[in-house]
Each structure stands twice: as C-alpha cells, then as structure tokens.
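The values are calculated or read from the model by the stated rules, or taken from the named source; none is laboratory data. These numbers were taken from a predicted model, which means no experiment stands behind them. We place every Cβ from the backbone using ideal geometry, glycine too, and count neighbours over all the protein chains shown.
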Amino acid sequence: MNWSITKALVWKEWRESRGKFLLFFCAFHLPTLIATLSLIVDEENRFSMQTMPPKTVYPALEIMIFVQSMFVLTVGLFLIIFYGAGTVSREIASRRISFILERPVTRWQALSVKYAMSGLQIYALAALTPLTTLLAAYAGLLILSRTVSVQESLAHVIPLAGTALKIGLWRGVVGLMVFSVVFSFSVAFEHWWINMGAGVASVIAMFYFFGKNLILSIVQPAMGRRHQGEFSLKLFGEISTETFLVALLVAAGCFILSQFLFQRKEIA
C-alpha cells in the first residue's frame, strides 16, 4: 500500500467532511443546546441553577447524561442514517469517484479510507457526546452556581466522567453498526433518498424485533434505585458481551459486503 496516497485520501475525506461533522456534532448535542437556551432566556431557571444545593446538582448531572445517551439511541440513530446516506452514492453520482480511481488508487483502498474516516466520525459523535455533555454542564455549573466549588465537586464529577466514557463506548458501537448498514446501501444505490429509506426501514425493523429488550436492558439498571428516591448511572453503561460482539460483527459484515459490491460496481 502506498502510504502517501493513503494520507492524501485521508486528508481529502477530512477536508470534505469536516463541515458536516461539526454540524452533526452540534445536532447530537441538541438536548444540551436546549438546556443552555433555557438558562439564557429564563431568569427563573438561571436563578435555580445559581442556588441549587450540591446534593441536587450531582443527580441532575447524571440525569443530563442519561437524557443525552437516550437521545443518541433514538434521534441520534436517524441522524446517523442521514449522515451516511450519501457517503458513497453522491461521489458515484457526481463522478468524483471516477476521478479518484484514475489515479494509482485501488477501489479497496478508496472505499476503506472513506469507511474508516466516516466510521471514526460517527463513533466520535455517538461515543463522546455523553462526556462532552457532562463537561459542558459542569462548566456551566461552575460559571453560574454559588453553591458548588471546583475542589468539592471534582470528587463527584471525575467518577461521572468515567461512567460517561463507559456509556459512550458501546453507544459508539451501536452507532457504527447503523452507519455500516447505511454505508452498504450507499454503495449499492446511487440515490441518497433510497439509502435514507432503506436505513430508516432497517432501524425500525431493529427496534421492532429487538428494541424492547434493548431499551429495557438500558433503562432498568439506571432506574433500579428510583424507589429509594435516587437516580444512578452505575450500571447504565453495562451491556452484554454478546450484544457488543453482534454489533461489531454486523458492522464488519456490512463493510465486507460494501467492498464486494464496490469491486463489481460499474462506474462511468
């Protein structure tokens, strides 16, 4: 493999997708943006934040992570479908991929770099948002609160950051699985709206057949202490090894299928 060509392809993919990535990064933080807007425009909410006692603040941070994580697993999956629908098909339709393949670049190399860059961006969007939500909420808390200091809050926030990373680990794998399915559609069909429809149908089918068990396995551990008047994320990041491996296998299988289809696709 020619590494100079690979680096050029990586730079091309990043240059073309960085604007979209930043836009979707903001979209994935929609709950945080709404909460921030409510603090800006509503003086009562702002005053409540300023005077909220520490024993109330930390459970509120946990709830924010929980809400953000569920947002990723619902609305976020459809955002991922939209993100991936035109990943390959638009380049094929616009004939840009033909220009690339005229260079000393193999089809395998071109598609692998595109999948790796887009998949890494999707994983970052799905996996890092619980942590970035926590950091944004904590920064806002330190700016506004009159009752919370850095010294006393770090003992609570650092474990929460570890939990957020743990949650994000497998949220990212689920997001990568959904993206990989849509990526294979994007190779197979040249119209992005067909890929969108196929991706949406796939996610709906996934929720129909597996959604109930998946959602219950996510929510029940986190809600397990509600009867004690508490909300805990301690077990919220847990997922069975089988589910984790299945998601990775589906992602890998879709990538292999994409390569198979791309090698045999007629490109003008």
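Summary table
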{"item": "Residues of the stretch 15-64 satisfying the condition of being touching a residue at least 60 places away in the same chain (Cβ under 8 Å), touching a Ser or Thr at 6+ places or on another chain (Cβ under 9 Å) and polar (S, T, N, Q)", "result": "Ser17, Thr32, Gln50, Thr51"}
{"item": "Complete set of residues in the stretch 38-52 that are polar (S, T, N, Q) and either touching a His at 6+ places or on another chain (Cβ under 7 Å) or over 13 Å from Ile143 (Cα atoms) (or both)", "result": "Ser38, Asn45, Ser48"}
{"item": "Of all residues in the stretch 63-116 being among the hydroxyl-bearing types (Ser, Thr, Tyr) and within 17 Å of the chain's Cα centre (by Cα), the one that is surrounded by the fewest Cβ atoms within 10 Å (Cβ to Cβ)", "result": "Thr74"}
{"item": "Cross-chain or 6+ apart pairs with Cβ under 8 Å, the stretch 120-135 first and closer than 15 Å to Ile81 by Cα, then among the basic types (Lys, Arg)", "result": "Ala126/Arg171"}
{"item": "Subset of the stretch 142-160 that is at pLDDT 85 or above and surrounded by 18 or more Cβ atoms within 10 Å (Cβ to Cβ) - its residue that is nearest to Gln263 (Cα to Cα)", "result": "Leu160"}
{"item": "Residue that is nearest to Gly168 (Cα to Cα), among those in the stretch 17-57 that are surrounded by fewer than 17 Cβ atoms within 10 Å (Cβ to Cβ) and of a type in the set (Phe, Trp, Tyr)", "result": "Phe25"}
